[in-house]
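Everything below concerns the one structure shown next.
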Amino acid sequence: MNERGIPILFEDARKVEVLKKAGLERAVAVIACTDDDLTNVEIALDAREVRPDIRVVLRLFDQGLASKIVNSFDIEAAFSASALAAPAFAAAAVDPSVQDSFYVGDVLFVHSAFLVPENSPLTHESVWDIWGKYDVNTLGFVDASGSMDRHPGPAVKIPPDSKITVVGPYEQVQRLQADHGIIDPSARVRHTSSTND
């Protein structure tokens, strides 16, 4: 057991007896997330053999295999680690403001942090203005003095010389930046397909 009292087994989870020892018969779900695709599939199938009703989530590096597994074996979710990471790598490669990314349906969302220069027209906008015009949520900002404002109210204006953190569709975040002199409009990148395409 670890310091929180959670039991940890250092055994081969491909063996049904080990899964049972780990509590398979009373578990709500099985998450197979080793670094080997076939091991994860084997764990999932063994778990389903004992508990046909159990929820199974897999980590698979091969996105094609992930899709086939979900469709063929009635697995609730099979995630390709490389496909999940791809949007973040692609966005970060061309846009240093991107801290993280994820898809909602087929829309790429980003968590972006960037500096707002003193002369930017963005300093005349409020948190509500940004949300209304761009569908981008302002998580907070750090002003020139180093003071941090987390979850600023809707009427709060964006301070000059601050670092703002936002979350929203990547297209909209880039439009916000281009409209307010943060990036050159020609530098905008188009992202139109999801990992499911």
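Quick note: the coordinates plus some simple rules give every number you see, no bench work behind them. A quick note: this is a predicted structure, and the numbers were derived from the prediction, not measured. We place every Cβ from the backbone using ideal geometry, glycine too, and count neighbours over all the protein chains shown.
Here are a few things to note about the model shown:
- Note on ARG26 and ASP161: the extension gain reaches 43.1 nm, defined as 0.36 nm multiplied by sequence separation minus the Cα-Cα distance.
- With both labels modelled 7 Å from their Cα along Cα-to-Cβ, the SER186 to CYS33 distance reads 4.4 nm.
- Local net charge near VAL142, Cβ-Cβ under 14 Å (Lys/Arg +1, Asp/Glu -1): -1
- For the pair ALA144 and VAL107, the difference between a 0.36 nm per residue extended length and the Cα-Cα distance amounts to 10.0 nm.
- Packing around the peptides 155-166, 123-134, taken as the average count of other Cβ atoms within 10 Å per residue, puts them in this order, highest first: 155-166, 123-134.
- 5 angstrom amide H check on PHE109, placed H, neighbours 5+ away: PHE102, TYR103, VAL104, TYR170
- Look at VAL142, VAL110, VAL104, VAL136 and count the other Cβ atoms within 10 Å of each Cβ; fewest to most, that gives VAL104, VAL142, VAL136, VAL110.
- In this simple spin-label model, placing a label point 7 Å from the Cα along the Cα-to-Cβ direction at both GLU3 and ASP62 gives a separation of 4.0 nm.
- Electrostatic bookkeeping for GLN172 treats Lys and Arg as +1 and Asp and Glu as -1; over the other residues with beta carbon under 10 Å from its beta carbon, the sum is 0.
- When you count the other C-beta atoms within 10 angstrom of each residue and take the mean per peptide, 40-46, 27-33, 3-9 line up highest first as 40-46, 27-33, 3-9.
- Distance between modelled label sites at ASP12 and GLU49, nm, 7 Å Cα→Cβ extension: 1.3
- Sequence-separation-based contact order of segment 37-77, relative, with Cα cut under 8 Å and 6+ spacing, percent: 40
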